[in-house]
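Just so it is clear, none of the values below were taken in a lab; they were calculated from the coordinates. What you see is a predicted model, and the numbers here were worked out from it, not measured in a lab. Positions of Cβ are backbone-derived with ideal geometry, glycine not excepted, and every protein chain shown enters the neighbour counts.
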Amino acid sequence: MNKVYVYDGTFLGLLTLIKYLLSNKIKPYNIVTFDYQENLFLEVINLHLKVSDKISGLFYNTFDKVTMKRIYYVFLSKEKNKEIIIYYYLLNYLKYGDSLSGMCNLKCVSKVLEINKKVGNEAHKLKGFVRFKELKQNILYAEINPDNDVLEIISKHFKKRLKNEYWVIKDVSRNIVSIYDKKDFYLALGEDVKIIQDLSDREEEFSKMWQDFYKIVAIKERKNEKCRRNFMPKKYWPYLLEVRDEL
């Protein structure tokens, strides 16, 4: 019977399980999270492995930084079978080493590179699509709803971009918030953070100025809706102050 191994849904938990599987030369049929819907034709195995922060250090000693970044981007993706893709990518890295990234004939390699491109592109776009509003507590607040779990990636960007501000970014669909305190950012569950969204006295004025600016700089004769949707996909519009009214 095909064996499916479960883990706790965290990156460290996944690395812990993969280390066990690789060390014991086990090739799983699939790797899934605890909420997996059991299948009568598959044997589900929970090893109850102890997860430690040290596991990431062990992996960085075995695999290079590029490989670790690639598998982390895959983990952040919405890809359905991302765990087993990561497993086979690391398994083949142990066999081929650094030359693996050029072996696109291997399905796990082409898939990892494809997913990395999607996650990287979305994170890059969101760096320009995040729209903050100023709250009375002197906090900048923004909401996003990305396809992939890129909140941590864009938080690193805004840690540098807005290093002298207090800010909070919320991933609406995943109910996760990133909180920055002028030193570092921290990820937390939405239900654990209470945010009073009372706008500052000048926020309405700023919003109006930004909307007016967007309209003024637009050249009516050169308007190209198809081009605009390519650079500014409609899935982001509900969170973009300048275009959300067009929806």
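Brief remarks follow.
- Between 0 and 90 degrees, the angle of helix 107-129 with respect to the longest Cα principal axis of the chain falls at about 20 degrees.
- Using the Karplus relation 6.51 cos²θ - 1.76 cosθ + 1.60 with θ = phi - 60°, the per-residue 3J(HN,Hα) values for the range 206-222 come to 4, 4, 5, 5, 5, 5, 5, 4, 4, 6, 5, 6, 5, 9, 4, 5, 10 Hz, with x marking Gly and Pro.
- Taken about its Cα centre, the range 130-246 carries a charge dipole of about 600 debye when Lys and Arg each add +1 at the Cβ and Asp and Glu each add -1 at the Cβ.
- Compared with the dominant Cα axis of the chain, that is its longest principal axis, helix 82-96 is turned about 60°.
- 5 Å binning of all Cα-Cα separations within the chain, expressed as whole percents from 0 upward: 1, 5, 11, 14, 15, 14, 12, 10, 7, 6, 3, 2, 0, 0
- With Cα atoms, 0 to 90° folded angle of helix 65-76 axis to the chain main axis: 70 degrees
- Computed over the chain, the per-residue total of -39500 (n - 2.57) for DSSP H runs of n ≥ 4 gives a 222 nm mean residue ellipticity of -13500 deg cm²/dmol, rounded to 500.
- Charged side chains reduced to their Cβ positions (Lys and Arg at +1, Asp and Glu at -1) give the chain a dipole of some 1000 debye around its Cα centre.
- log₁₀ of I(q)/I(0) at q = 0.13 Å⁻¹ - the range 130-246, Debye sum with one point per alpha carbon: -0.58
- Against the compact-protein benchmark of 2.2 N^0.38 Å, the Cα-based radius of gyration of the range 2-121 scales to 1.02.
- The amide H of VAL44, built 1.01 Å from its N in the peptide plane, has VAL4 as neighbours under 5 Å, considering only residues 5 or more places off or on other chains.
- 3J(HN,Hα) along the range 144-158: 9, 8, x, 5, 9, 7, 9, 4, 5, 5, 6, 5, 4, 5, 6 Hz, from the Karplus curve 6.51 cos²θ - 1.76 cosθ + 1.60 with θ = phi - 60°, whole Hz, x for Gly and Pro.
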